[in-house]
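Notes follow once the structure below has been shown.
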Amino acid sequence: MIRLILVGTLLLLALSFVLQNQEQEVTLRYFFGLRSASILIYKPILAAFGVGLLVSGILLFPAWVRGRIELRRKTKALQEAEVDLERLRQALDKAARRVGSSSDLPSEGEQTDG
């Protein structure tokens with residue numbers, strides 16, 4: 001959620017920069033003097049912003065995929081543990097019923113009158 005707010009804020013700042021600098025021109029000189037171009041300043045700024053978003057998305061994607069795989073693995077392990085827990089509870093209930101039905105006999109801790 002914080003990332004979304006941060007990206008939204010950056011997007012609004014970039015948009016306000018574009019709206020304030022629509023008439024400004026800049027001359028771009030490419031490597032080795034091969035070419036130069038005069039364009040409006042907001043175009044390279046928006047292009048750089050878009051490339052930055054694309055690169056950050058590409059760099060964050062593997063970690064996101066790894067997190068999803070790990071989450072799926074842990075969810076499956078949790079479901080298996082819940083099934084085992086339910087099976088053990090049922091076995092404990094069966095054992096408690098057996099002990100309850102055979103409680104007619106005095107246990108070791110009980111003392112008899114005599």
* Structure fact -> Of 54, 11, the only residue that is open to solvent by 50 Å² or more (accessible area, probe 1.4 Å), at pLDDT 85 or above and either charged (D, E, K, R) or not in a strand (DSSP E or B) (or both) is 54
* Looking at (1) loosely packed, with under 10 Cβ neighbours inside 10 Å; (2) in contact with a strand residue (DSSP E or B) (Cβ under 7 Å, 6 or more places away or on another chain), find the lone condition where residue 39 falls short. => (1)
* Asked: Do we have residue 63 as small (Gly, Ala, Ser) and at pLDDT below 90 here?
  -> yes
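The values are calculated or read from the model by the stated rules, or taken from the named source; none is laboratory data. On a predicted model such as this, the values are computed, not experimentally measured, just so you know. Note that each Cβ is placed from the backbone with ideal geometry, even for glycine, and that neighbours are counted across all protein chains shown. SASA here: full protein model, heavy atoms, side chains in, ligands and nucleic acids out. Shrake-Rupley method; radii C 1.70, N 1.55, O 1.52, S 1.80 Å.
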